[in-house]
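The block underneath contains the structure these notes are about, expressed in structure tokens.
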Amino acid sequence: MLSLVCATILSASVLAPETIQAMSFNIRYGTANDGEDRWAVRKPRTLEALKKRKPDIIGLQEALDFQVEEVRAALPNYQSLGVGRDDGKAKGEFSAIVYDAKRFRALRSDTFWYSETPNVPNSKNWGNNITRICTWAYFQDMRTGKYFYFYNTHLDHQSQPSREKSINLMLERIAARSTADPVLITGDFNVGESNPVAGLVKGKGFVDTFRVLFPNETNVGTFTSWREVGRDKIDYVWADSGWDVEKAEIAKDKVKGRWISDHLPVIAWVRQK
């Protein structure tokens, strides 16, 4: 039985049909030695939670190739985009985008590496010991006919210089996009809201969708480490000025009393202006 214990949620109003439910979810890599929470045991409850919510589009972080496929297969008519960070193919963690292919048509997609050579797979030279990437896609919403961009990323967990240089590269790529259509960003940023990295994103006109609706909420931790939820919100759904935020949530989903990952999914319901 899926227990949905949600952080502060907007009242249950009927959302417009053109509203997009966008989720950022660090799924925890599938070969981690997590005991009773290892992927082989956890997979049914994680997939159950995703099938219950059925987001229109998900930015997955830390997913290995088989996890991406299992998430995609659990959601009928969904497709995935992205590559493994270690070889630009299937090796290593993905920052994958999983989306409802009956609603969205993917027109372009690519992945770049956070380094001085962003088109070179497995490249890193900004102080991060682990390779870090961003996967993006350009979609048409076939329900509305409108177009938008979606960027999904996982910043480094140790190096602040790497995080700042990485987010600046992503913001430069966004600024140089070929059309002016709106942008959503999902990601595990590995920083709290007061970190300069969050300030860099805000400085380019993006808003934290959760904070648009809940500016004073203090119960916002998104990392559990399989135990208690921490204080900092390190996972985000960012939106530029092309979106209205209709609803937002930090989802404390448990199945049979256990977490579905060591991160909480962050969800925003947004409508393109």
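The values are calculated or read from the model by the stated rules, or taken from the named source; none is laboratory data. What you are looking at is a predicted structure, and each value in this text was computed from that prediction instead of being measured. Cβ sites come from the backbone with ideal geometry, for glycine too, and all protein chains shown count toward neighbours. Each accessible area value is taken on the protein alone, full model and side chains, heavy atoms only, with ligands, DNA and RNA left out. Shrake-Rupley method; radii C 1.70, N 1.55, O 1.52, S 1.80 Å.
Using 0.36 nm per residue and subtracting the Cα-Cα separation, the extra length available between Arg38 and Lys202 on full extension is 55.5 nm.
Given C-alpha coordinates of the range 141-273, what is the ratio Rg to Rh with the Kirkwood estimate of Rh?
On the way: Rg = 15.3 Å, Rh = 15.7 Å.
Result for the range 141-273 is an Rg/Rh of 0.97.
Placing a pseudo-label 7 Å from each Cα along the Cα-to-Cβ vector at Ser225 and Asp110 gives an inter-label distance of 3.9 nm.
Computed on protein heavy atoms with a 1.4 Å probe, the accessible areas place Arg227, Arg28 in the order Arg227, Arg28, largest first. Out of Met170, Met23, Met142, any idea which swings most in a Gaussian network model of the chain, alpha carbons joined below 10 Å? Maximum among the listed residues: Met142. Once the 1.4 Å probe is applied to the protein heavy atoms, the chain comes out at 42 Å² accessible per residue. The loop-placed GluC sites (Glu not before Pro) in the range 220-273, going by DSSP, that have at most 12 neighbouring Cβ atoms within 10 Å of their Cβ come out as Glu228.
For Val270, Val245, what's the largest-to-smallest order of accessible area, 1.4 Å probe?
Descending accessible area places them as Val245, Val270.
Across the chain, Cα pairs under 8 Å and at least six residues apart give a relative contact order of 24 percent. With 0.36 nm allotted per residue and the present C-alpha distance subtracted, the Asn216-Lys102 stretch has 37.3 nm of extension available.
Once both labels are positioned 7 Å from their Cα atoms along Cα-to-Cβ, the gap between Ala90 and Asp244 label points is 4.5 nm.
Comparing Asp181, Asp156, Asp65 in a Gaussian network model of the chain (Cα springs below 10 Å), the most mobile by mean-square fluctuation is Asp181. When its C-alpha radius of gyration is set against 2.2 N^0.38 Å (N residues), the range 141-190 gives a value of 1.37. Only Cα pairs under 8 Å and 6+ residues apart enter the sum, and on that basis the relative contact order of the range 192-253 stands at 38 percent.
Give me the dipole magnitude in Debye, nearest 20, for the range 150-273 about the Cα centre, with unit charges on the beta carbon: positive for Lys and Arg, negative for Asp and Glu.
Numbers: 17 positive and 17 negative charges, 29 e Å.
Magnitude of the dipole: close to 140 debye.
Modelled this way, with points 7 Å down the Cα-to-C-beta line, the labels at Thr179 and Glu18 are 1.5 nm from one another. Shown here: Cα extents along the principal axes in Å, derived from the displayed model; of the candidates (1) 62, 44, 34; (2) 57, 40, 35; (3) 47, 44, 38, it corresponds to (3). For the range 84-159, which trypsin sites (Lys or Arg not before Pro) are in a loop by DSSP, counting at most 10 other Cβ atoms within 10 Å? Here the trypsin sites (Lys or Arg not before Pro) that fit, given the DSSP loop and packing criteria, are Lys89.
Restricting the chymotrypsin sites (Phe, Trp or Tyr not before Pro) of the range 187-273 to loop positions (DSSP other than H, G, I, E, B) with no more than 15 neighbouring Cβ atoms within 10 Å leaves Trp226. Contact order for the range 223-271, expressed relative to its length and based on alpha carbon pairs under 8 Å spaced 6+ residues apart, stands at 45 percent. Between Thr144 and Asn122, the contour length at 0.36 nm per residue exceeds the alpha carbon distance by 4.2 nm.
To the nearest 20 debye, what charge dipole does the range 217-257 have about its Cα centre, counting +1 at the Cβ of each Lys and Arg and -1 at the Cβ of each Asp and Glu? List each step's numbers first, then the result.
Details: 7 positive and 9 negative charges, 81 e Å.
With only Lys, Arg, Asp and Glu charged at Cβ, the dipole is about 380 debye.
Spatial offset of the range 31-71 relative to the range 109-167 amounts to 21 Å, using the alpha carbon center of each.
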